[in-house]
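All remarks here apply to the structure that follows.
The values are calculated or read from the model by the stated rules, or taken from the named source; none is laboratory data. From a predicted model like this one, the values you see are computed outputs, not experimental measurements. With ideal geometry, Cβ positions are generated from the backbone for all residues, glycine too; neighbour counts draw on all protein chains shown.
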Amino acid sequence: MENKKAVSQVETKEVAEVDDEELLSLINQNAKLQEKESEGDSIKASYILLAKTGTKALKKSQEDLFIAGLSVGDFFLRKERVVLGDVLKVVPLAFITLYDEVENDTKDAKFFGVWNKEQAGQFDLADGSYFNRQLPNGHILKPKNWVMVEVLNHPEIENAVIAFKSTGSRIWKKWKEDAKTRASSSATLVYEIKEETYSNNDYEWTDVGFNYVESLLETDKMMALHCLKKSNALRESYERNTLIGNHDLNKTSKATATVAYIEDSSEVADSDDTEELGF
């Protein structure tokens, strides 16, 4: 028994050792890949949602969506009906921009598919819009911004996504810029996210707020290695651009996604909290 215990301790120590040269190589690779904005292979994304006043999952009258124990300010997964708590520690693996193709610029517009940023940029802005793009077939391309994250206090969540749209896109941009000022790779940084109140001259609203916590390179090199590898795999899939390729404007897009972005202005997901998309 003592010998087995000794061997186990040696093995644990060996596993915990991290090669600094490997870390540096991964960081440099990630920094190069981070410059790219294309999409890649199809994966299942799990939306992390923030419960706000009016969120359907808070209402008992919404039997198909109600989640017991959920409160305003909590993060949750709708499909699994899991409450994650009001504070999460996350590592941003990738910041990406996608465009939903919809029939028109109304709340209940029919959804047709997803375009990457480069493809959407070929088209002029829609009349009266600073963000939406106008397709020749009359459809609109509406932007949405995602942060792919590793959730440190919920490692069971795979391909976690925090999505921002409308005024939330400013938060996404500030978070992305903050990460860039701190490290060459966001995949080495830990942030705490929780509900935050925002305001302008006219009104107040709540959305996801972020605060920097620490660098994994200083506190947990094993986790840094894990996150860098995961981030690099995501970014390399962007380069392959295998999911969202050429679009035929006379046909429905081949990309598969939920209509969440269109149907509910206060939440991200529809009846299914996953999107089959390339990042």
Members of segment 108-144 that are of a type in the set (Asp, Glu) and modelled with pLDDT of 85 or more = 124, 127
Within segment 67-104, considering residues that are touching a Phe, Trp or Tyr at 6+ places or on another chain (Cβ under 8 Å) and part of a loop (DSSP other than H, G, I, E, B), the one modelled with the lowest pLDDT = 78
Failed criterion for residue 149 (all others in (1) part of a helix (DSSP H, G or I); (2) at pLDDT 95 or above; (3) touching a strand residue (DSSP E or B) at 6+ places or on another chain (Cβ under 6 Å) hold) | (1)
Considering (1) buried (at least 17 other Cβ atoms within 10 Å of the Cβ); (2) under 24 Å from residue 49 (Cβ atoms), say which one residue 217 fails and leave the rest.
-> (2)
Residue, surrounded by the fewest Cβ atoms within 10 Å (Cβ to Cβ), within segment 157-194, restricted to residues that are among the basic types (Lys, Arg) and in a helix (DSSP H, G or I) | 174
In segment 64-109, anything free of Cβ contacts under 8 Å to residues at least 40 places away in the same chain and within 30 Å of residue 134 (Cβ to Cβ) is listed as 103, 104, 105, 106
Of those in segment 74-120 that are out of contact with any His (no Cβ under 8 Å at 6 or more places or on another chain) and small (Gly, Ala, Ser), the residue surrounded by the most Cβ atoms within 10 Å (Cβ to Cβ) is 94
From (1) out of contact with any helix residue (DSSP H, G or I) (no Cβ under 9 Å at 6 or more places or on another chain); (2) within 28 Å of residue 178 (Cβ to Cβ); (3) part of a strand (DSSP E or B); (4) not basic (Lys, Arg), pick out the condition that doesn't hold for residue 118.
-> (3)
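Examine segment 20-36 for a residue that is among the basic types (Lys, Arg), out of contact with any Pro (no Cβ under 8 Å at 6 or more places or on another chain) and either assigned to a strand (DSSP E or B) or modelled with pLDDT of 85 or more (or both), and state whether such a residue exists.
No, segment 20-36 has no match at all.
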Within segment 41-99, track down each residue that is of a type in the set (Ser, Thr, Tyr) and in contact with a Lys or Arg (Cβ under 6 Å, 6 or more places away or on another chain).
-> 97
Subset tally (residues that are closer than 18 Å to residue 216 by Cβ and either over 11 Å from the mean Cα position of the chain (by Cα) or among the basic types (Lys, Arg) (or both)) for segment 140-150 | 0
Starting from residues that are touching a Leu at 6+ places or on another chain (Cβ under 9 Å) and within 14 Å of residue 144 (Cα to Cα), keep the ones in segment 156-208 and report whichever is modelled with the highest pLDDT.
-> 162
Pick out the one residue from 8, 46, 61 that is loosely packed, with under 12 Cβ neighbours inside 10 Å and at pLDDT 75 or above.
-> 61
Residue 137 meets each of (1) without any contact (Cβ under 8 Å) to a residue 60 or more places away in the chain; (2) closer than 30 Å to residue 109 by Cβ; (3) more than 19 Å from the chain's Cα centre (by Cα) with one exception, condition (1)
Members of segment 209-242 found to be among the acidic types (Asp, Glu) and at pLDDT below 95, listed by number | 236, 239
